[in-house]
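The values are calculated or read from the model by the stated rules, or taken from the named source; none is laboratory data. No experiment lies behind these values; they were computed from the predicted model shown. Cβ placement follows ideal geometry from the backbone for every residue including glycine, while neighbour counts extend to all protein chains displayed.
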Amino acid sequence: MANGYWLETLGCPKNQVDSEKLAGTLTRDGLAPVDDPESADLVVVNTCAFIEAARQESVETILHLASRRKAGARLVVTGCMAERYGDELAALLPEVDLVAGFGTALDTAVDHATAVAVAMGPRRSKDAGAVAGFDLLELPRPASNTPWAYVKVAEGCDRSCGFCAIPSFRGAQRSRPVARILEEVRALAEPAHGSPVREIVLVAQDLASYGRDRSAPAATSGAQPIVELVGEVSALIERVRLLYLYPTGLTEPLIEAILATGVPYFDLSLQHVAGPLVRRMRRWGDAERYLERIEHIRALEPDATFRSSFLLGYPGEAEEDHDALLAFLEAAQLDWCGFFTFSSEEGTVAAGLDDQVPAALALERLTECSELQDAITATRRDAMVGRTYDLLVDAPGRGRTVHEAPQIDGIVHVPDDLAPGTITALEVTESLGTDLLAAGASA
Ligand code: SF4
């Protein structure tokens, strides 16, 4: 019987893509997924190291799975924590057989056995530390078990936002070739086995900068390679959605390309709106510029959906900065927002800044923003009642219009008899906070 594996994924959608690639490789090389970690011969934890809370969750998960695994099962730790604290983790967690970071060699031929070799290879000797990284971007992935799939188009980031440690351990941006991305999209849209994907969600650390590190003609001519990519992916699939757009990257051609896909969804990573504080974050923009951009897009497409994330309690955030953020949220009427409190990260600019904001105050500000935004989101959802939308059925009873990103935003309850993967026009009859009810459905 084939060896069984259990893969636990923590963190963001980008990590989920990595896990799918890892699962594809393990399956292809003869391992089979199992239903519970206790019966696995191999347990892999794909960790997140974004902030302190995420690191704690990763370590707790590793220890929990270590205690549950069966005798003789291997435990492998990969992902951002492995990358950032590889040797330290290997030394601190004797329960772990291997700590393996993700590598950087994008255009080299990838040895598909690498992941399995890492996972099932000789046990790490006590002093061996972490193993060298391996590259997941070009590995095969299994057919998707949902009618949507994330596709990661680049790894790393060339920016230096004051609070973010990602560039320090994921490295500079490395974009995948367009042909490889399109190959992956085609395989998901027309799989040899399993159900086709109808929606692709493009992800990268800084998606709008996709391709700027490549020497393709588009990159050298000054054009924005993501614009071309969005058009090409859109030609292969019904829905294309873009996550994580740095505000300066949202150029006029990119706005037009997104609107042309029929998914008018804009995920703007704003973080804050008070100009001097944004500059302290080493980022671009302020409330006025962001509002101008949002209004412009709404003039082109009144049904455009906006998501953003904001950081509360960045060093130096004064009461008037917070008031500016509240005023912006009121004025912008965004559909979806995520709020996070600042966490001081080793090796970042912010860790050395004065005027740290007390954690309790940051949390208070977060609560205030969340309460305001919850009411705005509910109002935006109410406005959809009585209108008819094309709904992509993700699972029995669950669907999404183009205005909800999978796993992040609300859902639409649809009749249970609609087959997953179908797209059906239905009237929205009720709003339930973040979720909606379509005709014939029950919540
Ligand atoms: S753009 Fe995103 S990944 Fe890059 S440094 Fe800023 S926050 Fe970090």
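Values as computed for the structure displayed
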quantity: Considering residues of region 27-58 that are acidic (D, E), assigned to a loop (DSSP other than H, G, I, E, B) and in contact (Cβ under 8 Å) with a residue 12 or more places away in the chain only, the residue surrounded by the most Cβ atoms within 10 Å (Cβ to Cβ); calculated: D41
quantity: Matching residues in region 183-206 - criterion: being closer than 22 Å to C157 by Cα and either surrounded by fewer than 18 Cβ atoms within 10 Å (Cβ to Cβ) or within 16 Å of the ligand (Cβ to nearest atom) (or both); calculated: L202, V203, A204, Q205, D206
quantity: Selection count where residues are out of contact with any Gly (no Cβ under 9 Å at 6 or more places or on another chain) and at pLDDT 95 or above, scope region 341-363; calculated: 1
quantity: From the options R212, R186, residue that is more than 24 Å from C12 (Cβ to Cβ) and over 17 Å from the mean Cα position of the chain (by Cα); calculated: R186
quantity: Residue that is farthest from E238 (Cα to Cα), among those in region 171-182 that are away from the ligand (no atom under 16 Å from the Cβ) and basic (K, R); calculated: R176
quantity: Any hit, region 279-301, residues being touching a helix residue (DSSP H, G or I) at 6+ places or on another chain (Cβ under 9 Å), under 24 Å from G421 (Cβ atoms) and either surrounded by fewer than 22 Cβ atoms within 10 Å (Cβ to Cβ) or not hydroxyl-bearing (S, T, Y) (or both); calculated: no
quantity: Residue ID - surrounded by the most Cβ atoms within 10 Å (Cβ to Cβ), chosen from residues in region 302-321 that are under 27 Å from V402 (Cα atoms) and out of contact with any strand residue (DSSP E or B) (no Cβ under 9 Å at 6 or more places or on another chain); calculated: D303
quantity: From the options S160, S125, S168, residue that is out of contact with any Leu (no Cβ under 8 Å at 6 or more places or on another chain), modelled with pLDDT under 90 and within 16 Å of the ligand (Cβ to nearest atom); calculated: S168
quantity: Hey, D213 within 16 Å of the ligand (Cβ to nearest atom), modelled with pLDDT of 95 or more and of a type in the set (D, E) or not; calculated: no
quantity: Qualifying residue in region 421-430 (condition: more than 26 Å from T261 (Cα to Cα) and either in contact (Cβ under 8 Å) with a residue 60 or more places away in the chain or out of contact with any Ser or Thr (no Cβ under 8 Å at 6 or more places or on another chain) (or both)); calculated: yes
quantity: The one condition in (1) closer than 26 Å to L436 by Cβ; (2) touching a strand residue (DSSP E or B) at 6+ places or on another chain (Cβ under 6 Å) that T341 fails to fulfil; calculated: (1)
quantity: Members of region 271-306 that are without any contact (Cβ under 8 Å) to a residue 12 or more places away in the chain and either in a strand (DSSP E or B) or within 16 Å of the ligand (Cβ to nearest atom) (or both); calculated: V278, R279
quantity: Candidate set from region 228-270 (those that are of a type in the set (V, I, T) and more than 30 Å from E330 (Cβ to Cβ)); member that is nearest to the ligand (Cβ to nearest atom); calculated: V230
quantity: Criterion: surrounded by 20 or more Cβ atoms within 10 Å (Cβ to Cβ), touching a Ser or Thr at 6+ places or on another chain (Cβ under 6 Å) and outside any helix (DSSP H, G or I) - qualifying residue of V393, V402, V385; calculated: V393
quantity: Residue in region 59-69 that is of a type outside the set (S, T, N, Q), in contact with a Lys or Arg (Cβ under 7 Å, 6 or more places away or on another chain) and either buried (at least 16 other Cβ atoms within 10 Å of the Cβ) or modelled with pLDDT of 75 or more (or both) present; calculated: no
quantity: Residue match in region 21-31 (condition: within 29 Å of E345 (Cβ to Cβ) and polar (S, T, N, Q)); calculated: no
quantity: Yes/no for P140 being of a type outside the set (A, V, I, L, M, F, W, C), modelled with pLDDT under 80 and either surrounded by fewer than 17 Cβ atoms within 10 Å (Cβ to Cβ) or part of a loop (DSSP other than H, G, I, E, B) (or both); calculated: yes
quantity: Residue match in region 322-339 (condition: in contact with a Pro (Cβ under 7 Å, 6 or more places away or on another chain), outside any loop (DSSP other than H, G, I, E, B) and surrounded by 19 or more Cβ atoms within 10 Å (Cβ to Cβ)); calculated: no
